[in-house]
Amino acid sequence: MKRIFSLSLFVVLAVTLCAAKYKIVKLSTPTIVIAGRTCKVGNMFSEKDLIKWSSDEQVLCARNMDDNTYKYFAAKAFKAHKASTAYDYLLHTHKMSTRSGGFDMVVERDKQCAISENRIALVIGNANYMAEKSLSTPIPDAMEVSKTLSALGFNVYVMFDAGIDAMNDAIKRFAVYAKQYQTALVYYAGHGSQFNGDAYLIPVDAAVETSYDVLHGQRWLPTKRIVSFLNEVPSLTTRILMLDACRTNSDLLASRGDGEDSMLDTDELNEGVIFYSTKNGYEAYDEAGAIAHSPFATAVMKHIGTPNLSVGDFITDVMKEVKTLTSVAPYPHPQEPRSVPTLTHRFYFNPSQAGLRPAAATTTVTPAPVRPSGYTTTNRPATSSTTSGTTASASTSAADAELVAQGKKAMRAFNYDTAKNKFSLAASHGSAEGDYQLGLLYSNSNYDGYNRETATSYFVKAANQNHTEAMYQAGMMYLGIDNATAKQWLRKAANAGHQQAKAQLSRFTRRAEDIY
């Protein structure tokens with residue numbers, strides 16, 4: 001018994017002695033309670049010590065005394081990952097490559113917001129890196145930008161310290177969700193780099209040693225992938241991508257330093273704008289004083305809510321603000337944002353009655369959901385004498401159309417059970433649009449765990465009623481599993497004028513030519 005007790009004591013002492021020690025260097029509040037002690041800047045604590053946050057807004061930055069790296073911790077991030085110690089939190093973020101299936105936080109649009117346009121945003125804040133130095137501002141930037149966007153009518157999905165798998169998964173899911181919206185915005189804060197002609201965002205678990213890791217190992221996320229996903233959502237009338245990250249090309253590991261090789265801004269959004277926090281080849285500054293926000297985030301949050309300010313004028317004001325903020329010490333040189341605008345209409349983050357652009361009608365079009373694995377191939381296109389491309393919505397009764405509208409409204413409010421009931425009732429009356437919306441609902445990961453098989457069955461049911469979008473979705477569901485069936489559905493959608501279906505069929509042809 002004594003030996004067991006001695007061994008247990010030895011293990012406890014060993015873990016305690018091996019635990020990393022941290023020194024608090026910044027605090028958003030005067031004090032914080034750690035391991036039952038009231039601590040302030042300059043105090044030490046162990047990575048295994050329990051941190052008791054005073055509020056969801058509290059944040060701290062600490063230096064690891066073993067490797068001299070800095071780590072950034074926030075109450076909301078801890079809460080999202082159910083962590084109580086620095087050790088728990090970092091252990092979780094270091095396993096981000098295996099994390100998927102959800103977001104760390106969802107901030108619904110402010111119920112007091114009077115903006116009628118349907119808006120959705122994805123915000124990512126990467127701060128605690130495995131192979132790169134930690135950054136101070138991405139997590140507080142992500143939290144505050146999310147709050148600001150909510151006040152402007154956006155439903156916001158938020159991720160903290162995301163690995164490559166989590167980032168890829170988030171982009172795919174976000175593109176699916178965006179089908180119900182008119183405006184989509186992606187905001188990223190964290191490490192970034194340019195390499196081999198492309199711009200990349202750096203996941204927290206990226207351990208890159210060679211160019212192969214980037215080009216073939218896909219350890220970094222190319223911005224053109226985000227652009228591609230947003231461009232494939234035709235329902236969107238406005239697309240916005242804001243990147244608060246370095247654009248240096250000085251070394252493979254994307255450290256924050258000066259770069260010499262400037263690269264062109266070649267990625268373009270359809271009807272949108274890409275807003276970079278700095279120009280080609282230059283760094284984007286993290287904060288340099290007490291816990292605050294990056295210069296870019298500071299300027300964005302200051303000007304984005306200005307009433308009746310067009311997005312073009314917003315960009316101009318942010319560019320001026322960032323340059324002014326970074327034209328003084330301790331910044332070595334001014335930071336100069338850049339933009340790639342492709343909008344042919346005026347967009348206002350905070351429209352007033354004067355000059356308000358009428359909201360476009362919402363179109364429920366979605367990019368391809370992720371294909372199911374091992375799904376059966378029994379739901380082939382049904383032959384029909386009905387004119388190709390005629391959607392069932394044309395013959396849907398006014399009552400069923402109202403049910404579908406109510407279901408969409410419930411979806412935007414994240415009330416999925418109500419949405420299902422409304423769509424199901426419409427579908428029971430023979431509404432193809434009801435079946436199609438059920439397909440979209442079941443392809444939403446927040447409902448029934450992203451049930452792809454059920455989603456496919458509803459798409460097929462609607463497609464067999466000549467619902468063009470459902471034809472396209474059914475084709476994409478079978479793509480790579482039963483290409484013959486996939487091509488039949490895509491061809492029916494293409495014959496009805498569906499542009500994405502035509503493009504997919506064209507890719508089929510090109511692949512066949514490559515093979516032969």
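Values in this text are rule-based calculations from the coordinates and carry no lab data. Owing to the predicted nature of the structure, the values given are computational and were not obtained by experimental measurement. Every residue, glycine among them, receives a Cβ derived from its backbone with ideal geometry; neighbour counts consider all protein chains shown.
Here the peptides 420-426, 457-463 are ranked by packing, the mean other Cβ count within 10 Å, and the order with the highest first is 457-463, 420-426. For segment 18-75, averaging the sequence separation of C-alpha pairs within contact (under 8 Å, six or more residues apart) and dividing by the residue count gives a relative contact order of 38 percent.
What the Cα convex hull of segment 18-75 gives, in volume per residue, is 67 Å³. Protection proxy ranking of 316-323, 220-227, by the mean of other Cβ atoms within 10 Å over each peptide's residues and highest first, is 220-227, 316-323.
For the residue pairs K409/K502; K26/K279; K111/K408; K224/K461, the alpha carbons lie more than 23 Å apart in K409/K502; K26/K279; K224/K461.
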